[in-house]
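Engineer: Pasting in a structure now, in structure tokens, and then I'll have a few things to ask.
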Amino acid sequence: MSATLGSLLRTLEPDWSITILERLDAPALESSGPWNNAGTGHSALCELNYTPQLPNGDVDVSKAITVNEQFQLSRQFWAHAVDQGWLTDPSSFINPVPHVSFVRGAENIDYLQKRYDTLAGHPLFGGLEMIRDRDEFARRLPLMAQGRDDAEPVAVSWTDHGTDVDFGALTGQFLDGLRRSGADIRYNHHVKSLKRDTDGTWRAVVKNRAEGGTLNISAKFVFVGAGGGAIQLLQRSGIEEIKGYAGFPVSGQFIRCTDETVATQHHAKVYGMAAVGAPPMSVPHLDTRVIGGKRSLLFGPYAGWTPKFLKNGSFLDLPTSVRADNIVPMAAIGVTSWSLIKYLVLELAKTRGRKVKDLQVFAPLAEDDDWEIITAGQRVQVVRKKGRGGALEFGTTVVNSADGSIAGLLGASPGASTAVSAMLDVLERCFPGRIEGWKPQLKELVPSYGVSLSENPSLYENLRDWTDRSLGLVDAH
């Protein structure tokens, strides 16, 4: 998020000074790191949690359309950055990988068929296929077909328009571009607090973790892109707008296979259905990953829990974030989110053998020895006031001060995939006096900015052809 915002601002206002402070000794070592997330270019092509079935049996695809539109903004900005030479070798951060929805059982197949019927005619979901034939299923997904009971009803929806994204590599390239343009990027610098000075500027109190000592850095605008740690920094800033917000941390694990003889048998990101009572981010999926030019497989996620807000955080993160203004919402979710708590307890109790059995629902002949468990990035879900209590939310939320001098991003999914949309939102909120003047430049960076692609299918086709070519995705279709 910070690398995206910095790149946008550098283009819009090349004379502004930009300082980026990173607590760790290299970029993207938390949630953006390639093994800390699933790398799905979240365009709602396969994620069933974005298309819930309503009580009347209809399938609501409104969120899927919104997420897809947001991802198109990211694709356009990345393609523009490649064309301008800001980003190099797009295959180092984005690769074509089919996106697939997978269901078992007659009732779930009926749901998937309704989802397909609702989406197939939409401009943003062209090329979607519904596959029930077992031979075709086996041809496209051999690893998932081997050893599967022929009597088990299965179906998939399939699209070749999906991607796998290494958000760590992408972040690093954006930051390299910012450094070349004169931005001051400092690693091993931990922001301990944010204070408002009498002249209205913000003062970051920063600890140099490598050399010791503390320094103060002043700025007229601050963006807090600290992942799960954003809520604590926003709390320390003292802005009114953060009051009532809290964070609920959820950790997790993946199972990874780097054996090429296994990885070459599966080329897709295959998303299933979440267990009853499970949070949306727990949807099981078997993914092709392309990291550092090498193909591998990833399955998960397996949920866990820790009070840390960052993978490299402190066990005191959660308790020290509890304040008088958010304790009621925090207490309320203990009651309203009982199904989530129960789910987390059951997940924590899972043995390695049980985790492999979950994998075998997707790949029946998967062997324990071919897979290793890795720890995923930490996710902190947003808790906010709702009525007299609180609500747990699974999206992303921008929080900014009334005067627009400071903003931060809370939440997780769909996260990095929609970074450009989220950061355009930050620009609109925090620079209302400049946004109109920036619009011509923003339309060059992101041609569909302010336009509904759903309502302009010919524009969408033209932009998709351009982004496919610039990002090297033409072989995906």
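Engineer: Tell me the relative contact order for the chain as a rounded percent, counting alpha carbon contacts under 8 Å between residues six or more apart. Write down the numbers at each step before the final one.
Structural biologist: Numbers: 936 pairs, mean separation 107.4, N = 477.
Relative contact order here is 23 percent.
Engineer: At 7 Å along Cα-to-Cβ for each site, give me the label-to-label distance between ALA349 and VAL328 in nm.
Structural biologist: 3.5 nm
Engineer: Follow-up question, since we're still on this one. Only counting other Cβ atoms within 10 Å, I'd like HIS190, HIS42, HIS266 sorted with the fewest neighbours first. Numbers along the way, then the final one.
Structural biologist: On the way: HIS190 15, HIS42 25, HIS266 21.
With the fewest neighbours first, HIS190, HIS42, HIS266 line up as HIS190, HIS266, HIS42.
Engineer: In whole Hz, with x marking every Gly and Pro, tabulate ³J(HN,Hα) for the range 29-35 from phi via Karplus 6.51 cos²θ - 1.76 cosθ + 1.60, θ = phi - 60°.
Structural biologist: 8, 9, 5, 6, x, x, 8
Engineer: To continue, here is another question. How do ARG180, ARG186 rank when sorted from fewest to most other Cβ atoms within 10 Å of their own Cβ? Walk me through the numbers on the way to the answer.
Structural biologist: Working: ARG180 9, ARG186 14.
Sorted ascending by nearby Cβ count, the order is ARG180, ARG186.
Engineer: Quick check on my link table: of LYS386/LYS439; LYS308/LYS357; LYS269/LYS385; LYS114/LYS357; LYS269/LYS350; LYS294/LYS355, which ones sit more than 32 Å apart, alpha carbon to alpha carbon?
Structural biologist: Working: LYS386/LYS439 35 Å; LYS308/LYS357 28 Å; LYS269/LYS385 36 Å; LYS114/LYS357 29 Å; LYS269/LYS350 24 Å; LYS294/LYS355 25 Å.
Over 32 Å Cα-Cα: LYS386/LYS439; LYS269/LYS385.
Engineer: Something else: Over the range 227-339, what is the relative contact order in percent, taking alpha-carbon pairs closer than 8 angstrom and at least six residues apart?
Structural biologist: Values: 158 pairs, mean separation 34.6, N = 113.
Computed over the range 227-339, the figure is 31 percent.
Engineer: Can you give me the Kirkwood hydrodynamic radius for the range 1-86, using every pair of distinct Cα atoms, in Å to one decimal?
Structural biologist: Over the range 1-86, the inverse of the mean reciprocal pair distance is 16.0 Å.
Engineer: Please give every one of the aspartates and glutamates within straight-line cross-link reach of LYS207, meaning a C-alpha to C-alpha distance under 14 Å, and leave out same-chain neighbours fewer than 8 residues apart.
Structural biologist: By straight Cα distance, LYS207 reaches GLU22, ASP25.
Engineer: How many nm is it between the label spots at ASP199 and THR375, if each spot is 7 Å from the Cα in line with the beta carbon?
Structural biologist: For ASP199 paired with THR375, the spin-label model returns 4.3 nm.
Engineer: Between the range 370-447 and the range 302-345, what is the C-alpha centre distance in whole Å?
Structural biologist: Distance between centres, Cα-based: 20 Å.
Engineer: Next question, about the same structure. Using packing as a proxy for protection, rank 387-396, 46-55 so that the peptide with the highest average count of other Cβ atoms within 10 Å comes first.
Structural biologist: Values: 387-396: 16.1, 46-55: 18.5.
The densest-packed peptide leads the list: 46-55, 387-396.
Engineer: By its C-alpha gyration tensor, with a ≥ b ≥ c as the square roots of the eigenvalues, how is the range 67-151 shaped: rounded for a/c under 1.5, else prolate for a/b larger than b/c, else oblate?
Structural biologist: Working: a/c = 3.75, a/b = 1.82, b/c = 2.06.
In terms of gyration-tensor shape, oblate.
Engineer: Where in the range 150-193 is the amide nitrogen less than 19 Å from a point lying 7 Å along the Cα-to-Cβ axis of TRP16?
Structural biologist: The answer is 174-186.
Engineer: Oh, and also: What is the packing order of peptides 78-86, 317-325, taking the mean over residues of other C-beta atoms within 10 Å and listing the highest first? Write out the running numbers ahead of the final one.
Structural biologist: Working: 78-86: 18.6, 317-325: 15.0.
The packing order, highest mean first, is 78-86, 317-325.
Engineer: Run lengths n ≥ 4 of DSSP H only: what is the helix-derived mean residue ellipticity at 222 nm for the chain, with -39500 (n - 2.57) per run over all residues, to the nearest 500? Before the final figure, lay out each step's value.
Structural biologist: Working: 15 runs with 158 residues, N = 477.
-10000 deg cm²/dmol, from helical runs alone.
A short reminder: the numbers here are calculations on the coordinates, not readings from a lab. Computed from a prediction, not measured in an experiment: that's the story for all the values here. In this analysis, Cβ positions are derived from the backbone assuming ideal geometry, glycine residues included, and neighbour counts consider all displayed protein chains.
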